[in-house]
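Sharing a structure, written as structure tokens. Questions coming.
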Amino acid sequence: MSNISKAFANGKVFIPFITCGDPDLETTAEAVRAMAQNGADIIELGIPFSDPTAEGPVIQGANLRALSGGTTTDKVFSLVKELRRDVTIPLVFMTYANVVFSYGAEKFISACSEIGIDGLILPDLPFEEKGEFQPLCDKYSVDLISLIAPTSHKRIGMIASQAQGFIYVVSSLGVTGVRSEITTDIGSIVDVIRKNTQVPCAVGFGISTPEQAEKMAQLSDGAIVGSAIIRLLEKHGKQAPEFIGEYVKTMKQAVSSCS
């Protein structure tokens, strides 16, 4: 059982996302520690990319700020090494296939294993093309996390049957961002997933409030939040980690209430 699978063993999970290097890597490190100390079960670390096609304007802005500040993949690797001195919960990279390709796939994935990254999410990687990375992820014991969207339809069962770590259920069509309401029939998607695998699933895209997180956790195994955390960084800058810790605590309480 991978570290990611173990994180789901004790009830509903809360998974926050942060873009590394926004506004700087020191603030990222403080925010990650604040999230871990306040109940985050898994943390997604975004490696900034110049063309983040799955992201809405909030996370696009975070990518641009991080890149403008000089954040590189190697600097993110160094950040994780430092975090692993005291952060023990699973850490997952979320980035784009081109970042991995340009770095060198084996070099990138072997480095993930060495520094303590537990999983990899590549939102622009079609299921049919995951063979580019899956053997390397298996070789270095890094879970390649699958995404299932409302448009996956007949492919849901196939994707689920080959999933590892956890399945990222995309709640809405379009890009990431805060939404006032999630109208997708998440329950029916999760039903198909559970008929095809025992791998847990968590819902992301558009979740920002405790009420939304609780609702999604009732339907699945957990909730994922990104844009709402990036907005706290936008608003508070280097003072954001304190506010992020409080926010994560509230969201974790919400998902735990339906365990």
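The values are calculated or read from the model by the stated rules, or taken from the named source; none is laboratory data. None of these values were measured; they are calculated from a predicted model. Please note: Cβ atoms are built from the backbone with ideal geometry, for glycine as well, and neighbour counts cover all protein chains shown.
Within the bounds of segment 8-17, is there any residue that is part of a loop (DSSP other than H, G, I, E, B), of a type in the set (Lys, Arg) and more than 25 Å from Leu125 (Cβ to Cβ)?
yes
Have a look at Val58, Val100, Val80, Val87 and point out the one that is assigned to a helix (DSSP H, G or I) and in contact with a Lys or Arg (Cβ under 8 Å, 6 or more places away or on another chain).
One residue alone meets the criteria, Val58.
Just to be sure I understand, how many residues within segment 30-55 are part of a helix (DSSP H, G or I) and under 18 Å from Cys112 (Cβ atoms)?
Result for segment 30-55: 1.
Residue by residue through segment 107-128, note down the ones that are more than 20 Å from Arg84 (Cβ to Cβ) and in contact (Cβ under 8 Å) with a residue 12 or more places away in the chain.
Leu122, Pro123, Asp124, Leu125, Phe127
Here is a list: Thr19, Thr71, Thr95. Which entry is in contact with a Gly (Cβ under 6 Å, 6 or more places away or on another chain), closer than 23 Å to Leu147 by Cα and of a type in the set (S, T, N, Q)?
Thr19
Another question about this same structure. Of the conditions (1) under 24 Å from Val13 (Cα atoms); (2) modelled with pLDDT of 95 or more; (3) buried (at least 16 other Cβ atoms within 10 Å of the Cβ), Leu136 clears all except one; give me its number.
With respect to (1) under 24 Å from Val13 (Cα atoms); (2) modelled with pLDDT of 95 or more; (3) buried (at least 16 other Cβ atoms within 10 Å of the Cβ), Leu136 is out only on (1).
Could you check, for segment 94-102, whether at least one of its residues is free of Cβ contacts under 8 Å to residues at least 24 places away in the same chain, farther than 23 Å from Lys238 by Cβ, hydroxyl-bearing (Ser, Thr, Tyr) and out of contact with any Ser or Thr (no Cβ under 7 Å at 6 or more places or on another chain)?
Checking segment 94-102: at least one residue is free of Cβ contacts under 8 Å to residues at least 24 places away in the same chain, farther than 23 Å from Lys238 by Cβ, hydroxyl-bearing (Ser, Thr, Tyr) and out of contact with any Ser or Thr (no Cβ under 7 Å at 6 or more places or on another chain).
What number goes with the only condition from (1) touching a Gly at 6+ places or on another chain (Cβ under 7 Å); (2) more than 21 Å from Arg33 (Cβ to Cβ); (3) of a type in the set (D, E, K, R) that Lys252 does not pass?
(2)
Separate question: Of all residues in segment 1-35, which are of a type in the set (Gly, Ala, Ser), touching a strand residue (DSSP E or B) at 6+ places or on another chain (Cβ under 7 Å) and either buried (at least 19 other Cβ atoms within 10 Å of the Cβ) or within 17 Å of His236 (Cα to Cα) (or both)?
Ala7, Ala31
Among the residues of segment 140-154, count how many are out of contact with any strand residue (DSSP E or B) (no Cβ under 6 Å at 6 or more places or on another chain), surrounded by 14 or more Cβ atoms within 10 Å (Cβ to Cβ) and not small (Gly, Ala, Ser).
Qualifying residue count for the region: 2.
Continuing with the same structure: Would you be able to tell me the number of residues in segment 212-221 that are in contact with a helix residue (DSSP H, G or I) (Cβ under 7 Å, 6 or more places away or on another chain) and surrounded by fewer than 24 Cβ atoms within 10 Å (Cβ to Cβ)?
2
Further question on the same structure: Taking Ile229 as the residue in question, decide whether it is modelled with pLDDT under 95, within 17 Å of the chain's Cα centre (by Cα) and either closer than 25 Å to Ser5 by Cβ or part of a strand (DSSP E or B) (or both).
For Ile229, the condition - modelled with pLDDT under 95, within 17 Å of the chain's Cα centre (by Cα) and either closer than 25 Å to Ser5 by Cβ or part of a strand (DSSP E or B) (or both) - is not met.
Taking Arg155 as meeting all but one of (1) in a helix (DSSP H, G or I); (2) out of contact with any Ser or Thr (no Cβ under 8 Å at 6 or more places or on another chain); (3) at pLDDT 95 or above, write down the number of the exception.
Evaluating Arg155 over (1) in a helix (DSSP H, G or I); (2) out of contact with any Ser or Thr (no Cβ under 8 Å at 6 or more places or on another chain); (3) at pLDDT 95 or above leaves (3) as the failure.
For Thr176, indicate whether it is buried (at least 23 other Cβ atoms within 10 Å of the Cβ), over 21 Å from Glu128 (Cα atoms) and at pLDDT below 95.
The answer is yes for Thr176.
Residue by residue, here is whether (1) more than 19 Å from Thr151 (Cα to Cα); (2) β-branched (Val, Ile, Thr); (3) touching a strand residue (DSSP E or B) at 6+ places or on another chain (Cβ under 6 Å) holds:
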position	(1), (2), (3)
Val192	no, yes, no
Ala213	yes, no, yes
Met216	no, no, yes
Asp221	yes, no, yes
Lys252	yes, no, yes
